[in-house]
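Peer 1: Let me begin by handing over the structure; questions about it come next.
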Amino acid sequence: MPVTVAVDATGADLGPAEVARGVARAAQGGIHVLLFGPAAELNQALAEAPASGNVEVVDAPVSIAKEPDPARAVRQHPHASIVQAVRAVKEGRAQAFVAAGATGAALAAGMSELGRADGVRRPAIAAQIPLPGKAVTLLDMGANVSVRPEHLEQFAFMGRAFSQVVV
């Protein structure tokens, strides 16, 4: 069964069109993508790049990528592209979510739409960094501005569990 990835095209340094061109390349490899952002701009970029029928554009022109308070922005803008993309995962229309920036907004949208696991006080964004012969997991990839010692301890436990299951 093919995987569907919900992608928020807003928030990228080079704009939504650049994300759309990257999505087109992924779609050529068989990935199905729900692409959230300004439809006119995304469709124009997709028309310029050979994309298969694996890309579905969802018009979501509202971006909260540059908002200073991401949690408030998520509450005030439930139709923002990043919120709609996370909601696609919650509703089962996608199995993964990718954001082209705005880690704070991604974390806030995730907490708002998906919640958090029991006992987790502060979630963290994780990334796998491939190295020769192994991969390293980095946690708290910029979404948390300030953390307390108990959050760092929790990040360590979550990172270890993630590495054991995913790597």
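The values are calculated or read from the model by the stated rules, or taken from the named source; none is laboratory data. Note that the structure is a prediction, hence the values are computed from the model and not measured. Cβ coordinates were reconstructed from backbone atoms using ideal geometry, including for glycine residues, and neighbour counts include every protein chain displayed. In case anyone asks, the SASA skips ligands and DNA or RNA and just uses the protein heavy atoms, side chains included. Shrake-Rupley method; radii C 1.70, N 1.55, O 1.52, S 1.80 Å.
Peer 1: Quick one: which of A161, A85, A135, A127 is surrounded by fewer than 17 Cβ atoms within 10 Å (Cβ to Cβ), assigned to a helix (DSSP H, G or I) and hydrophobic (A, V, I, L, M, F, W, C)?
Peer 2: Numbers: A85 fails: surrounded by fewer than 17 Cβ atoms within 10 Å (Cβ to Cβ); A135 fails: assigned to a helix (DSSP H, G or I); A127 fails: assigned to a helix (DSSP H, G or I).
From the options A161, A85, A135, A127, the qualifying one is A161.
Peer 1: While we're on this one: Identify, please: which residue in segment 27-52 is open to solvent by 40 Å² or more (accessible area, probe 1.4 Å) and assigned to a helix (DSSP H, G or I) and is, among those, modelled with the lowest pLDDT?
Peer 2: Step by step, filter segment 27-52, then rank; the result is E48.
Peer 1: Report whether or not I129 is within 19 Å of G104 (Cα to Cα) and in contact with a Ser or Thr (Cβ under 9 Å, 6 or more places away or on another chain).
Peer 2: On the way: within 19 Å of G104 (Cα to Cα): no; in contact with a Ser or Thr (Cβ under 9 Å, 6 or more places away or on another chain): yes.
So I129 fails the test.
Peer 1: What is the residue count in segment 103-147 for residues that are over 23 Å from H79 (Cα atoms), among the acidic types (D, E) and under 16 Å from the mean Cα position of the chain (by Cα)?
Peer 2: Here the count works out to 1.
A quick yes/no check of all residues on (1) aliphatic (A, V, I, L, M); (2) in contact with a Leu (Cβ under 8 Å, 6 or more places away or on another chain):
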| site | (1), (2) |
| --- | --- |
| A24 | yes, yes |
| P61 | no, no |
| I82 | yes, no |
| E91 | no, no |
| Q95 | no, no |
| A99 | yes, no |
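Peer 1: Looking at A60, is it open to solvent by less than 70 Å² (accessible area, probe 1.4 Å) and closer than 23 Å to R148 by Cβ?
Peer 2: Here the answer is no, as A60 does not meet what is asked.
Peer 1: Do any residues in segment 118-143 that are in contact (Cβ under 8 Å) with a residue 12 or more places away in the chain and over 23 Å from A100 (Cβ atoms) have Cβ atoms under 8 Å from those of residues that are open to solvent by 50 Å² or more (accessible area, probe 1.4 Å) and not aliphatic (A, V, I, L, M), where the two are at least six apart or on different chains, and which pairs are they?
Peer 2: Pairs found: R121/E150.
Peer 1: Further, regarding this structure: What are the residues in segment 23-64 that are more than 17 Å from A6 (Cβ to Cβ), among the acidic types (D, E) and touching a Pro at 6+ places or on another chain (Cβ under 8 Å), if any?
Peer 2: E41
Peer 1: With the requirement that a residue be of a type in the set (A, V, I, L, M), in a loop (DSSP other than H, G, I, E, B) and either modelled with pLDDT of 90 or more or surrounded by fewer than 22 Cβ atoms within 10 Å (Cβ to Cβ) (or both), what does segment 101-123 give you? Reasoning before the result, please.
Peer 2: Quick first cut of segment 101-123, residues of a type in the set (A, V, I, L, M) only: 102, 105-109, 111, 114, 117, 120.
Applying the additional criterion that residues be in a loop (DSSP other than H, G, I, E, B) yields 102, 117, 120.
Once the filter is applied, which keeps residues that are of a type in the set (A, V, I, L, M), in a loop (DSSP other than H, G, I, E, B) and either modelled with pLDDT of 90 or more or surrounded by fewer than 22 Cβ atoms within 10 Å (Cβ to Cβ) (or both), segment 101-123 yields A117, V120.
Peer 1: Sticking with this one: What do you reckon, is V98 closer than 19 Å to V7 by Cβ, within 15 Å of the chain's Cα centre (by Cα), surrounded by 13 or more Cβ atoms within 10 Å (Cβ to Cβ) and of a type in the set (A, V, I, L, M, F, W, C)?
Peer 2: Here the answer is yes, as V98 does meet what is asked.
Peer 1: Further question: Quick check on E18: is it assigned to a helix (DSSP H, G or I) and either among the polar types (S, T, N, Q) or more than 16 Å from V98 (Cα to Cα) (or both)? Before you say what the answer is, go through the steps one by one.
Peer 2: Values: assigned to a helix (DSSP H, G or I): yes; either among the polar types (S, T, N, Q) or more than 16 Å from V98 (Cα to Cα) (or both): no.
No, not satisfied.
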